[in-house]
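Worksheet for the structure shown next.
The values are calculated or read from the model by the stated rules, or taken from the named source; none is laboratory data. Predicted model, so just to flag it, every value in this text is computed and none were measured. Cβ coordinates were reconstructed from backbone atoms using ideal geometry, including for glycine residues, and neighbour counts include every protein chain displayed. Protein only, heavy atoms only, side chains kept; ligands, DNA and RNA dropped before computing areas. Shrake-Rupley method; radii C 1.70, N 1.55, O 1.52, S 1.80 Å.
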Amino acid sequence: MTYLGNDRIRIADIADELGVSTATVSNVIHGKTKKVSGETMKRVQKLLEERQYIPSMAGILLAQNNSKMIGVVINDHEKYGGHTLEDPFICASLNALAKEIERAGKFLMLKVTDQWNEIPRFASMWNMEGMVLIGYCEQDYKKLREQMHIPFVVCDGYMKSSGNLVNIEINHQDGGAQVGRYLRSKGHKAVLCIADNRLCMDMERYMGLKSEIPDAELMVIPMEQEVRTAFYMEHLEEIKKYSAVFAVSDYYAMDFILFLNRAGISVPEEMSVVGFDDVRECEKFVPALTTVKQDQEQRAALAVELLSRLRDGTCRDQNVKLPVSLIERDSVREVKMHKECV
């Protein structure tokens, strides 16, 4: 029998080719092999693999009620420019999750996609015990909840209501407020916040800043690096009016410092810069970056714990908010005579 590359292989096709019942094929796929002879099981498994009914026989072996598989799915957002797993914040999140999942005696299966509708198929194919989702929007989570019955936890998400899933978020507004209090204590009044949107967590971070420095302004910057550099150059004279810049991520903070260096503006002597996330590169960067720390280990441990409680039916949480803390380093200086916005 010949199958074309785009054909969808059905259980019935496998059963017809082997001369067995569809129930037999289904039992092998789902690990229910007590009533299937060893020889028949091997024949079914071999043909399933040859016909690529699922990617490999690992899928069959894992397709049991206790797969011990935790799926981690990350949104392949355009802001990462096709390098999602190279982003320092994503790397830190994955590293923490990998350690906690292994500590729990589970296995991590990773997927990067910007298509939310690929996630239910991914979960079903590997019969996941649970999933951790990073970076999708509220609308996507609601659709997933309707299509998936396995427990899942949202990390680094932004949701007004979580339904019957658990959302782990950080206190974005308090993080921005901590930055505002710190910059104000250093004499800064003319403060600019840079973000690539006016929505969700970025807006909360800006509003936190503004709660402490009411005159703080928001500048929406392009996501694409080359376009962003040209944007900074075009607005350089406006940028120079500020004594400090708060970037809503460490990535944007360090990228901005590199731009300032090329423009002949020294940090922190002429302009102070603060980031958000506290990725590993912050401490090694020159100057070492003042930032807001998210505790990745705490969040990862909580995500794995909540998945277990969701499976057991003992979880009553819907939204969990974790604290953040300001980490003072070298990228901020104290000013006596500060610039004013005009």
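Take the residues in the range 250-267 that are open to solvent by less than 20 Å² (accessible area, probe 1.4 Å) and part of a loop (DSSP other than H, G, I, E, B); name whichever of them is nearest to Gly187 (Cα to Cα).
Val267
Go through the range 79-104 and report how many residues are open to solvent by 40 Å² or more (accessible area, probe 1.4 Å) and under 25 Å from Asp295 (Cα atoms). Give the derivation first.
First, the residues of the range 79-104 that are open to solvent by 40 Å² or more (accessible area, probe 1.4 Å): 79-83, 85-86, 91, 95, 98-99, 102-104.
This time we only want the ones that are under 25 Å from Asp295 (Cα atoms), so: 79-80, 83, 85-86, 91, 95, 98-99, 102-104.
Residues in the range 79-104 being open to solvent by 40 Å² or more (accessible area, probe 1.4 Å) and under 25 Å from Asp295 (Cα atoms): 12 in total.
If Glu224 passes every condition in (1) touching an Asp or Glu at 6+ places or on another chain (Cβ under 9 Å); (2) free of Cβ contacts under 8 Å to residues at least 40 places away in the same chain; (3) of a type in the set (Asp, Glu) but one, which one does it miss?
(2)
Scan the range 232-246 and give yes if some residue there is open to solvent by 10 Å² or more (accessible area, probe 1.4 Å) and closer than 25 Å to Glu86 by Cα, otherwise no. Write out each step before concluding.
Let us first name the residues in the range 232-246 that are open to solvent by 10 Å² or more (accessible area, probe 1.4 Å), namely 233-238, 240-242.
Now restrict to residues that are closer than 25 Å to Glu86 by Cα: none.
There is no residue in the range 232-246 that is open to solvent by 10 Å² or more (accessible area, probe 1.4 Å) and closer than 25 Å to Glu86 by Cα.
Condition first: in a helix (DSSP H, G or I) and more than 21 Å from Phe89 (Cα to Cα). Can you find one or more residues in the range 213-225 that meet it?
no
So in the range 181-196, with the set limited to residues that are more than 26 Å from Gly135 (Cβ to Cβ) and not aliphatic (A, V, I, L, M), which one is least open to solvent (accessible area, probe 1.4 Å)? Show your work before the answer.
From the range 181-196, those more than 26 Å from Gly135 (Cβ to Cβ) are 181-191; that's our starting set.
From what is left, the residues that are not aliphatic (A, V, I, L, M) are 181-182, 184-189.
On the way: Arg181: 101, Tyr182: 22, Arg184: 120, Ser185: 78, Lys186: 44, Gly187: 18, His188: 2, Lys189: 119 Å².
Filtering the range 181-196 for residues that are more than 26 Å from Gly135 (Cβ to Cβ) and not aliphatic (A, V, I, L, M), the one least open to solvent (accessible area, probe 1.4 Å) comes out as His188.
For every residue, the table says whether it meets (1) closer than 23 Å to Val279 by Cα; (2) assigned to a loop (DSSP other than H, G, I, E, B); (3) of a type in the set (Gly, Ala, Ser).
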| position | (1), (2), (3) |
| --- | --- |
| Ile74 | yes, no, no |
| Leu85 | yes, no, no |
| Met109 | no, no, no |
| Glu118 | no, no, no |
| Arg121 | no, no, no |
| Ser124 | no, no, yes |
| Asn127 | no, yes, no |
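What number of residues within the range 277-335 satisfy the criterion of being assigned to a helix (DSSP H, G or I), open to solvent by 80 Å² or more (accessible area, probe 1.4 Å), over 30 Å from Ser243 (Cα atoms) and without any contact (Cβ under 8 Å) to a residue 12 or more places away in the chain?
Total satisfying the criteria: 2.
For the range 202-228, give me each residue that is closer than 25 Å to Gly82 by Cβ and buried (at least 18 other Cβ atoms within 10 Å of the Cβ).
Once the filter is applied, which keeps residues that are closer than 25 Å to Gly82 by Cβ and buried (at least 18 other Cβ atoms within 10 Å of the Cβ), the range 202-228 yields Asp202, Ile221, Arg228.
Does Leu199 satisfy being on the phi < 0 side of the Ramachandran plot, in contact with a Phe, Trp or Tyr (Cβ under 9 Å, 6 or more places away or on another chain) and surrounded by 15 or more Cβ atoms within 10 Å (Cβ to Cβ)?
Against the criterion (on the phi < 0 side of the Ramachandran plot, in contact with a Phe, Trp or Tyr (Cβ under 9 Å, 6 or more places away or on another chain) and surrounded by 15 or more Cβ atoms within 10 Å (Cβ to Cβ)), Leu199 does not qualify.
Kindly indicate which of Gly175, Gly208 is touching a His at 6+ places or on another chain (Cβ under 8 Å), at pLDDT 85 or above and under 23 Å from Lys293 (Cα atoms).
It is Gly208.
Within the range 161-185, track down each residue that is of a type outside the set (A, V, I, L, M) and touching a strand residue (DSSP E or B) at 6+ places or on another chain (Cβ under 7 Å).
Result: Ser162, Asn167, Glu169, Asn171, Gly175, Gln178, Tyr182.
All but one of (1) within 19 Å of Leu302 (Cβ to Cβ); (2) among the charged types (D, E, K, R); (3) touching a helix residue (DSSP H, G or I) at 6+ places or on another chain (Cβ under 7 Å) hold for Glu102; state the number of the condition that does not hold.
Glu102 satisfies every listed condition except (3).
Under 27 Å from Ser93 (Cβ atoms), open to solvent by less than 10 Å² (accessible area, probe 1.4 Å) and at pLDDT 95 or above - does that describe any residue in the range 156-170?
No, there is no match, as no residue in the range 156-170 is under 27 Å from Ser93 (Cβ atoms), open to solvent by less than 10 Å² (accessible area, probe 1.4 Å) and at pLDDT 95 or above.
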